[in-house]
Amino acid sequence: MTAIGSLKTRSEFLHVRGGARYTAPSLVLQARERPDSEDKTRELARFGFTATKTLGGAVVRNRARRRLKEAVRLTAPSHAVKGYDYVLIARTGTVQRPFTELIKDLERALAKVHEPATAKKR
C-alpha cells in the first residue's frame, strides 16, 4: 500500500514532464522518479492534476479534475510506485467516459509507464 501525496509547485510539474508518458482515451499520465535528495517524501507517490482550457469552461475542468482525483484515490494505493511523481492531464474523455472505464485507463497507464523502455521504431 503506497501513501499518496500531491505536487504543488510549477517546478515539480515541470520535472515530471521529462519522464515516461502514456496516453489513454480519458487521460494522459506522465511519471518520473524523484531525485534521491528528497528523502523525507521517499515513501510517497505524489500526484498532480491539470486540465487545460481547451477542455471547456471552469465547471467542466473542475469536474474532470475531481473525477481524476477520485480515480487516483481508489487506484493508486495498489498500483503507484513509491518515490515517483505523477501528473495526470485531463482529456475530453475524462468527463464523458464511464467511471469504471476511467479507472481501467488509469490502471493501464500506471502499469505502462513502469514498463522497461523499448527501442523506438522509425
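Values in this text are rule-based calculations from the coordinates and carry no lab data. Source: prediction; values computed, not measured. Neighbour counts run over all protein chains shown; Cβ positions are idealised from the backbone, glycine included.
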Requested in this report: Would you work out if segment 3-113 is rounded, prolate or oblate? Take a ≥ b ≥ c from the square roots of the eigenvalues of the alpha-carbon gyration tensor; rounded if a/c is under 1.5, else prolate when a/b is larger than b/c, oblate otherwise.
Outcome: prolate
**Report entry** Cβ-based exposure ranking for THR50, THR94, in which fewest neighbours within 10 Å come first
**Finding:** THR50, THR94
Query - Pairs of lysine residues in the chain - Cα separation under 23 Å, sequence separation of 8 or more or cross-chain - result: 14
Query raised in the report: Could you give the angle, 0 to 90 degrees to the nearest 10, between helix 58-79's Cα long axis and the longest principal axis of the Cα atoms of the chain?
Result: 40
